[in-house]
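Below: one structure, written as structure tokens.
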Amino acid sequence: MLKIGMFSKLSRISIRMLRYYDDQGLLPPVQIDRFTGYRYYSEDQLLLAERIASLRQMGFGLAEVKTLLAADRREVWENALESQRTVLQEQEREARARLLLLETALDRLRKDEKPVDYPVTIKELPGRYVASVRRRIKNYWQEQELWTTLAEETCGMNLQICDPCYAMAVFHDREYVEENPDVEVQMAVHGPCADTAHVTFRTIPAARIASAVFKGSYDQAPEVTQAVARWVRDNGYELDGPSFSIYHVSPHETSNPEEYVTEVCFTVKKK
């Protein structure tokens, strides 16, 4: 048997964590000396310790680790690992997006750029017949899921896309939300068409909008949104519907973010 210090060294798990795992019933010692209180582990427990450490490094919580260690079916492990992979992939996407924001901010700071002026215009957005998918998603980064649903459920319908197609994302929440935003994606098509499981077809009326166009990556969107909102406030208009973004040039057309062309829009009316 191994004293806790030696077991800690061989398993590369701190003594503090070994005691915590014991308290949680995850990795109890095989023996505790009744007189000295020394904890002893068996060499066979090194494999269990390695599994626990590996699962923790993958991001599993202690309760999940305990459940997995108690499972003796391969499919339980496979489902758990697949699910955790999805979680980590989403975290990776969010981290890349945050890193892009950080790198852009650093680049602007080092170049000592002056604030960009985004010209705002008032215009009429024409009425149109659209294919639409709307639901609450985990966060704004997952908007692509809606576009994927739209593409998959209409791929066999021979849709005739309008020109311009007004591909857009509509943000229906009355304010910015951190989680579960209510987002709708739309694309103008020639109808009529029958609804699918998640895609609805309907006519959108014309609307007056205040908008500004920017070129480049989406990290500029918050700054442009604020610029349009200030213009609306300062020029005698008020909001008359949700905000939305029109993707004139998107990842569908180019893989280079510097070539994206996006229009940030607010539905407005005169005060």
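The values are calculated or read from the model by the stated rules, or taken from the named source; none is laboratory data. Just so it is clear, the model here is predicted, and its values are computed rather than measured. Cβ atoms come from the backbone with ideal geometry, glycine included; neighbour counts cover every protein chain shown. With ligands, DNA and RNA removed, areas are computed over all heavy atoms of the protein, side chains included. Shrake-Rupley method; radii C 1.70, N 1.55, O 1.52, S 1.80 Å.
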Which of 195, 234, 72 fluctuates most in a GNM of the chain (C-alpha springs under 10 Å)? That residue is 72
Helix 74-111: inclination vs the chain longest Cα principal axis, degrees, rounded to 10, gives 60 degrees
Taking only the alpha carbons of the chain, the radius of gyration and the largest Cα-Cα distance, Dmax, both in angstrom, are 27.2, 85
Yeah, segment 212-253 with a ≥ b ≥ c from its alpha-carbon gyration tensor (a/c under 1.5 is rounded, else prolate when a/b outruns b/c, oblate otherwise) is prolate
Computed from the beta carbon distance with a Förster radius of 45 Å, FRET efficiency for residue 234 and residue 255 to the nearest 0.05 stands at 0.75
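Got a number for carbon plus sulfur as a percent of segment 1-73's accessible area, 1.4 Å probe?
The C+S portion of the solvent-accessible surface of segment 1-73 is 50 percent.
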Computed on Cα atoms, Rg of segment 177-220 relative to 2.2 N^0.38 Å comes out at 1.62
Descending accessible area (1.4 Å probe), largest on the left, turns 193, 265, 155 into 155, 193, 265
Classified through the alpha carbon gyration tensor (a ≥ b ≥ c as square roots of its eigenvalues; rounded if a/c is under 1.5, else prolate when a/b is larger than b/c, else oblate), segment 57-156 comes out oblate
Expressed as a percent, the accessible surface of segment 121-186 that is carbon or sulfur, using a 1.4 Å probe and the full set of protein chains, is 48 percent
With segment 1-88 reduced to its Cα atoms and the Debye formula applied, log10 I(q)/I(0) at q = 0.12, 0.15 1/Å amounts to -0.39, -0.59
Per its Cα gyration tensor (rounded if a/c is under 1.5, else prolate when a/b beats b/c, else oblate), segment 118-265 is best filed as prolate
What helix-only [θ] at 222 nm does the chain give? Using -39500 (n - 2.57) per DSSP H run of at least 4, over all residues, to the nearest 500, the answer is -12500 deg cm²/dmol
Quick tally, 1.4 Å probe accessible area for 43, 175, sorted with the most first, runs 175, 43
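How much area per residue is accessible in the chain when the probe is 1.4 Å and only protein heavy atoms are counted (Å²)? Intermediate values should be presented prior to the final figure.
Values: 17200 Å² over 271 residues.
On a per-residue basis, the chain sits at 63 Å².
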Answer in debye to the nearest 20: the dipole magnitude of the chain about its Cα centre, from +1 Lys/Arg and -1 Asp/Glu charges placed on Cβ, is 760 debye
Using alpha carbon centers only, segment 173-214 is separated from segment 215-269 by a whole-angstrom value of 14 Å
